[in-house]
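Asker: I'd like to ask you about the structure that follows.
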Amino acid sequence: MTPISNISSKIVNTIDNKIDNNIGRISLKTEPLHVRVGRRDPSFAERLDSAVKDVNSKQNFADEATRGVMKDEVGIHEGMLAIGKADTSLRLLMQVKSKAMEAYKEIINMQL
């Protein structure tokens with residue numbers, strides 16, 4: 001399996017488990033925000049935050065590698081490798097963001 005399909009299958013499994021666990025808690029009453037925030041699982045937010053930080057560090061490393069290539073301190077191959085890694089990680093993050101936004105829109109449009 002590719003890393004993207006691993007991530008997407010883990011997300012689907014996590015969402016399915018959350019839905020199964022929360023079916024008994026659905027109510028028509030509105031809960032206060034602090035109650036909902038306290039019940040929220042922070043692991044997805046933490047994972048997303050770490051992914052963004054990882055992409056940012058790869059982008060910064062690619063910038064430094066580019067400067068190194070221009071100053072003839074780093075070989076062209078190492079510079080291109082750093083740029084390729086940064087590009088791939090940014091594209092992956094954008095795909096995850098797109099899938100998350102599609103899922104959010106689908107959930108918002110669901111009829112109860």
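Asker: Calculate one ³J(HN,Hα) per residue across the range 104-112 by plugging θ = phi - 60° into the Karplus curve 6.51 cos²θ - 1.76 cosθ + 1.60, and present them in order as whole Hz with x for glycine and proline.
Answerer: 4, 5, 5, 5, 4, 7, 5, 8, 8
Asker: Contact order normalised by length for the range 47-112, with contacts defined as Cα pairs under 8 Å and 6 or more residues apart; what percent is it? Intermediate values should be presented prior to the final figure.
Answerer: Numbers: 32 pairs, mean separation 21.3, N = 66.
Relative CO of the range 47-112 lands at 32 percent.
Asker: Val74's amide H: which non-local residues (gap 5+, or another chain) put their own amide H closer than 5 Å, with H modeled 1.01 Å from N in plane and none for Pro or chain starts?
Answerer: Val69
Asker: Measure off 7 Å from each Cα along the Cα-to-Cβ vector at Glu46 and Met101, then give the distance between these two points in nanometres to one decimal.
Answerer: 2.7
Every number here is computed from the coordinates shown, using simple stated rules; none is lab data. Computed from a predicted structure; not experimentally measured. Using ideal geometry, Cβ is built from the backbone for each residue, glycine included, and neighbour counts are taken over all protein chains shown.
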